[in-house]
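All remarks here apply to the structure that follows.
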Amino acid sequence: MKGKVLILDRVHDRFKEILPELGFQIEEEYFASQEEINWSAYSGLVLRSRMPMDSKLLEQATQLKFIARVGAGLENIDLDRARELGIKVLAAPEGNRHAVGEHALGMLLALNHRLIIADSEVRKGMWLREENRGFELKGKTVGIIGYGAMGSAFASKLRGLDCRVIAYDKYKKGYGNSQVEECSLAELQAEADIISIHLPQNTETLFFVDQDFLAACKKQIVLINTARGKIVRIAAVVEALKSEKLRGACLDVLEYEKSSFENLVQEGSTDDFEYLLQSNKVILSPHIAGWTFESQERMAEVLLQKIAKLNL
């Protein structure tokens, strides 16, 4: 056997079926605290975001060879310390990228065509047509910030909708093609009618979208965030909605979320949050953009493939 692997968060059953075939013994622990786990007993960890993998914990895991993150974001793992300790960190953005792309598009279309509002009104016996006149994507410019797995997947979903797609990525060059135009951040802010955020959360991107960012946008825009809540400052969004700098916002994630993403931090539910709840210019969902039945299985498959290639 190659050692024990501890599964800390729910994962697709296929992962638990195949991992023993790769030579690992599985243990599952979904409720124990950090202090209750004997970290030195495991050569692998499988997790989502329930428990932060900080330097103190990593140093206790003396036999640890890999951490498999069932998802894309790695902000809850001390990557520098893991690298120093020789621990491989694996993620699965390939597994939920299409789910995120579809969710972003679905939120945008629902906002543009006032589908949630109209549905609610019809159910109440209201038949308001002019009041629910929508906006088309045809002819609009969609700006994507962060052109990795998620950003490129969203771009692919926009094909066939007759809109122009531009993208800015600080760390990538040469990705422009028939599907997307590469541009600078300033160009994106000048030309986009819709801006979709697809950045990882780190010290560089914390509250990347703030009052100054929105002020630099030349058009009235729709903002989409399916990445991480703390990339977008909600107070700035509310201010821009009130001033009509923002035509609308599609928010799958919020800065008020706990780091585990399991629920909202109640003390973070400010007047700004209450404004979002009451606004018909806002569509909200509970951090589920990548949360589909298909992505759950696909992420398990991706991680199994990556673990198999480690040659432990």
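The values are calculated or read from the model by the stated rules, or taken from the named source; none is laboratory data. Since this is a predicted model, take the numbers as computed values, not measurements. Cβ atoms come from the backbone with ideal geometry, glycine included; neighbour counts cover every protein chain shown. Note: areas computed on protein heavy atoms with side chains; ligands, DNA, RNA excluded. Shrake-Rupley method; radii C 1.70, N 1.55, O 1.52, S 1.80 Å.
Once the stretch 13-54 is narrowed to residues that are crowded, with 20+ Cβ neighbours inside 10 Å and part of a loop (DSSP other than H, G, I, E, B), the residue that is modelled with the lowest pLDDT is S49.
Restricting attention to the stretch 122-144, does a residue exist that is farther than 30 Å from D13 by Cβ and under 15 Å from the mean Cα position of the chain (by Cα)? Looking for residues that are farther than 30 Å from D13 by Cβ and under 15 Å from the mean Cα position of the chain (by Cα), one finds at least one in the stretch 122-144, hence yes. Within the stretch 218-238, being assigned to a loop (DSSP other than H, G, I, E, B) and either in contact with a Leu (Cβ under 8 Å, 6 or more places away or on another chain) or polar (S, T, N, Q) (or both) holds for Q220, T226, A227, R228.
Residues that are within 16 Å of G106 (Cβ to Cβ), open to solvent by 40 Å² or more (accessible area, probe 1.4 Å) and in contact (Cβ under 8 Å) with a residue 40 or more places away in the chain within the stretch 137-176 comprise just one, K157. Take the conditions in contact with an Asp or Glu (Cβ under 6 Å, 6 or more places away or on another chain), under 29 Å from I231 (Cα atoms) and open to solvent by less than 10 Å² (accessible area, probe 1.4 Å) and apply them to L6. Does it pass? Here the answer is no, as L6 does not meet what is asked. Identify the residue in the stretch 177-214 that is touching a helix residue (DSSP H, G or I) at 6+ places or on another chain (Cβ under 6 Å) and part of a helix (DSSP H, G or I) and, among all such residues, is most open to solvent (accessible area, probe 1.4 Å). Going through the qualifying residues, I end up with Q211.
Looking at this structure, is G73 within 25 Å of the chain's Cα centre (by Cα), open to solvent by less than 10 Å² (accessible area, probe 1.4 Å) and under 28 Å from W291 (Cα atoms)? Judged against the criteria, G73 is not a match. In the stretch 34-52, the residues that are small (G, A, S) form Cβ pairs under 6 Å with partners that are at pLDDT 95 or above and open to solvent by less than 20 Å² (accessible area, probe 1.4 Å), at six or more places apart or across chains, as follows: G44/V5; G44/F66.
Quick grid of which residues meet (1) modelled with pLDDT of 95 or more; (2) closer than 22 Å to H98 by Cα; (3) of a type in the set (G, A, S):
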| residue | (1), (2), (3) |
| --- | --- |
| S196 | yes, yes, yes |
| D210 | yes, no, no |
| F213 | yes, no, no |
| K218 | yes, no, no |
| I221 | yes, no, no |
| N225 | yes, yes, no |
| I231 | yes, yes, no |
| A236 | yes, no, yes |
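Here L115, L108 are screened, and the one residue that is closer than 22 Å to G290 by Cβ and surrounded by fewer than 16 Cβ atoms within 10 Å (Cβ to Cβ) is L115.
Residue-wise test of (1) more than 28 Å from V302 (Cα to Cα); (2) aliphatic (A, V, I, L, M).
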{"residue": "L108", "(1), (2)": "yes, yes"}
{"residue": "L115", "(1), (2)": "yes, yes"}
{"residue": "N132", "(1), (2)": "yes, no"}
{"residue": "K140", "(1), (2)": "yes, no"}
{"residue": "G151", "(1), (2)": "no, no"}
{"residue": "N177", "(1), (2)": "no, no"}
{"residue": "D193", "(1), (2)": "yes, no"}
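Quick check on my filter: what residues within the stretch 203-250 are polar (S, T, N, Q) and over 18 Å from M150 (Cβ atoms)? Result: T203, Q211, Q220, S243. Of the residues making up the stretch 64-121, just one is polar (S, T, N, Q), out of contact with any Ser or Thr (no Cβ under 8 Å at 6 or more places or on another chain) and either in contact (Cβ under 8 Å) with a residue 12 or more places away in the chain or outside any helix (DSSP H, G or I) (or both), namely N112. Can you say whether G86 is open to solvent by 10 Å² or more (accessible area, probe 1.4 Å) and more than 23 Å from the chain's Cα centre (by Cα), as far as the supplied structure shows? Yes; evaluated as a whole, the condition is true for this residue.
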